[in-house]
Amino acid sequence: MKQEDRELFITLLDQLLEDELETPVLIPKAIDNLNSDFALELGEDAATKEEFVQALSQLILETPRTTTGSFFNQLFGGRNSKATLGELLSVLLNSSMYTYKIGGPMIAIEKEIVKRIINLAGYPEGSYGTFATGGSMTNYMALIMARDKFDSNVRNHGVTQKMIMYTSAESHYSVKKNASFAGLGRDNIRFISTNDKGEMDTAELKNQIQSDKAEGLLPFFINATAGTTVLGSVDPLEQISEISHQEGVWMHIDAAFYGSTLFSEKYKQLVKGIENSDSFSMNAHKMLSTPLTCSLIFTKHKTCLYDSFGTDADYLYQGESDDWNPGKISFQCGRRNDALKFWTLWKSIGRQGIARMVEKEFELAEHARNYVNSNSNYKVYNHRDSLTLCFNYKDVAAEEICSKLTEDGLLMVGYGRFKNEVFVRLPFVNSSNDKSEIDNFFKLFEECADSMG
Ligand code: ABU
């Protein structure tokens, strides 16, 4: 990397960090003005050095800020310093994680992380996993493995039978996309109702599987959720695993959100039953503030990873066994090194340090819950122990207050919906937040809401 670009990087980094402190929330730019406000156009001629630096600096400083203490809009946030260091180094190394020849010790780092999390989850020896591009993709990989295990002809002949999958009405929207991508068809998803906490109704699940079987249909996959995106609910994992064993159906747990509770002795009970699943996914970019994306899929059926994703390519796989060429268990060909940033985080603070991050987020959530529960102007929609707080304040419409907070450059927070109620969704996924930032959230929120009359 050229000296001038190294220097420019440090300059931009310092500008950004300083500006983030002064202005944690940017007032959004009008889309219609983007071309006039920024030097976006690409042309035949090179920009001058000054034009290049000016354009880049402006872009960096005007991009919405997701790492400050005022960002509560998504299920990711914060900028863990050690994880960011790992990410920057993987960009410099520019490895592709398909072969040992190219990835070298980075492949061993990935295997170490997979082995340790398998152990935390209580999966047996011989279970396996890999990194993929995000929760949608890791859920997709689970579906493909379940599909191919149920009917190994699908890989060559396509889907020829009515294969049925089950998920809760509150599950992630990737389930629908994945059913169509996998050739299974969205109409062959059964959306099982949830109770008033957003948890799957297991009696309905069992009845539905049995009535589908009675009609000659072929149940093959249950997607349970540990941490729904809106309410942060957890399906009854142990009951669902019993049903999956009784009915001979693959059980996947979408633990993209709450998978990180595995690091905490105190909170891992939230995902109790994960050890009985066939596969689960988790995202370190959610609760652990590693840079996007950092998502893993694990399965007890190592051979299924190879059966579904292994294809020979002799221009690529040259030497070393399949175990050291993780391209053989990957959807992708070129694959970023998402392992190093998780490794730098884990190595620097240990499992116990990660547990403290997880526990801090639950403390912040409890602090916020105590506040709204003690104030009669708030109506709360979700339950205790959730890492989201879903609420409405007085009679202020959630959509309107969320937009106004951002337009006024105060806070970034979004809204969600459950059983036709719309409310503000405040997630706690940034362990570098402190309680004063949560207090400040409610102060700014109430001032803004009250000003709306
Ligand atoms: N699966 C991404 C979740 C994003 C969000 O709900 O904030």
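Where a number appears in this text, it was derived from the coordinates with a stated rule and is not lab data. Since this is a predicted model, take the numbers as computed values, not measurements. Glycine also receives a Cβ, built like all others from the backbone with ideal geometry; neighbour counts cover every protein chain displayed.
For every residue, the table says whether it meets (1) crowded, with 24+ Cβ neighbours inside 10 Å; (2) farther than 28 Å from Lys360 by Cα; (3) over 18 Å from the mean Cα position of the chain (by Cα).
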| residue | (1), (2), (3) |
| --- | --- |
| Asp187 | no, yes, yes |
| Gly198 | yes, no, yes |
| Ser211 | no, yes, yes |
| Ala224 | yes, no, no |
| Gln239 | no, yes, yes |
| Ile253 | yes, no, no |
| Tyr258 | yes, no, no |
| Lys268 | no, no, no |
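Considering (1) surrounded by fewer than 21 Cβ atoms within 10 Å (Cβ to Cβ); (2) closer than 30 Å to Leu387 by Cα; (3) out of contact with any Lys or Arg (no Cβ under 7 Å at 6 or more places or on another chain), say which one Val91 fails and leave the rest.
(2)
Would you check which residues across segment 381-405 are surrounded by 16 or more Cβ atoms within 10 Å (Cβ to Cβ), more than 23 Å from the chain's Cα centre (by Cα) and outside any loop (DSSP other than H, G, I, E, B) and list them?
If the condition is that a residue be surrounded by 16 or more Cβ atoms within 10 Å (Cβ to Cβ), more than 23 Å from the chain's Cα centre (by Cα) and outside any loop (DSSP other than H, G, I, E, B), then Asn392, Tyr393, Ala398, Ile401, Lys404, Leu405 are the ones that fit.
Could you figure out which of (1) crowded, with 24+ Cβ neighbours inside 10 Å; (2) more than 16 Å from the chain's Cα centre (by Cα); (3) more than 18 Å from Glu112 (Cα to Cα) isn't true of Pro326?
Failing condition for Pro326: (3).
Six or more apart or on different chains, Cβ under 6 Å: which pairs go from a residue in segment 224-252 that's without any contact (Cβ under 8 Å) to a residue 40 or more places away in the chain to one that's within 16 Å of the ligand (Cβ to nearest atom) and not in a helix (DSSP H, G or I)? Could you list them?
Once the first residue is without any contact (Cβ under 8 Å) to a residue 40 or more places away in the chain and sits in segment 224-252, its partners that are within 16 Å of the ligand (Cβ to nearest atom) and not in a helix (DSSP H, G or I) give Val234/Ala226.
Among what's in segment 368-380 and is surrounded by 15 or more Cβ atoms within 10 Å (Cβ to Cβ) and not β-branched (Val, Ile, Thr), pick the residue that is nearest to Arg417 (Cα to Cα).
Checked segment 368-380; the qualifying residue nearest to Arg417 (Cα to Cα) is Tyr378.
What do you reckon, is Asp408 out of contact with any Leu (no Cβ under 8 Å at 6 or more places or on another chain), more than 16 Å from the ligand (Cβ to nearest atom) and within 16 Å of Val25 (Cβ to Cβ)?
So Asp408 fits the description; yes.
Does segment 82-101 contain any residue that is among the aliphatic types (A, V, I, L, M) and more than 26 Å from the chain's Cα centre (by Cα)?
Within segment 82-101, none of the residues are among the aliphatic types (A, V, I, L, M) and more than 26 Å from the chain's Cα centre (by Cα).
Answer yes if at least one residue in segment 170-179 is among the hydrophobic types (A, V, I, L, M, F, W, C) and over 27 Å from Leu231 (Cα atoms), and no otherwise.
no
Among the residues of segment 295-313, how many are touching a strand residue (DSSP E or B) at 6+ places or on another chain (Cβ under 7 Å) and either acidic (Asp, Glu) or outside any helix (DSSP H, G or I) (or both)?
So the count comes out to 5.
In segment 406-420, what residues are under 17 Å from Ser171 (Cα atoms) and assigned to a strand (DSSP E or B)?
Residues satisfying the conditions are Tyr415, Gly416, Arg417, Phe418.
Would you check which residues across segment 342-360 are among the hydrophobic types (A, V, I, L, M, F, W, C) and closer than 24 Å to Leu89 by Cα and list them?
Result: Phe342, Trp343, Leu345, Trp346, Ile349, Ile354, Met357.
Can you tell me which residue is surrounded by the most Cβ atoms within 10 Å (Cβ to Cβ) among those in segment 114-150 that are part of a helix (DSSP H, G or I) and of a type in the set (Ser, Thr, Tyr)?
Among those residues, the one meeting the criterion is Thr138.
What residue, of Glu199, Glu265, is farther than 22 Å from Tyr123 by Cα and charged (D, E, K, R)?
Just a single option satisfies the conditions, and that option is Glu199.
Kindly provide the set of residues from segment 151-184 that are in a loop (DSSP other than H, G, I, E, B), of a type in the set (Ser, Thr, Tyr) and within 16 Å of the ligand (Cβ to nearest atom), ordered by number.
Within segment 151-184, Ser171, Tyr173 qualify.
Looking at Asp187, Asp148, can you tell me which residue is closer than 25 Å to Thr303 by Cβ, of a type in the set (Asp, Glu) and away from the ligand (no atom under 16 Å from the Cβ)?
Asp148
Restricting the first residue to segment 1-25 and requiring it to be closer than 21 Å to Leu92 by Cα, which pairs with a second residue that is part of a helix (DSSP H, G or I) meet a Cβ separation below 6 Å and a spacing of at least six or different chains?
Listed pairs, sorted by first residue: Leu12/Ile60; Leu16/Ile60.
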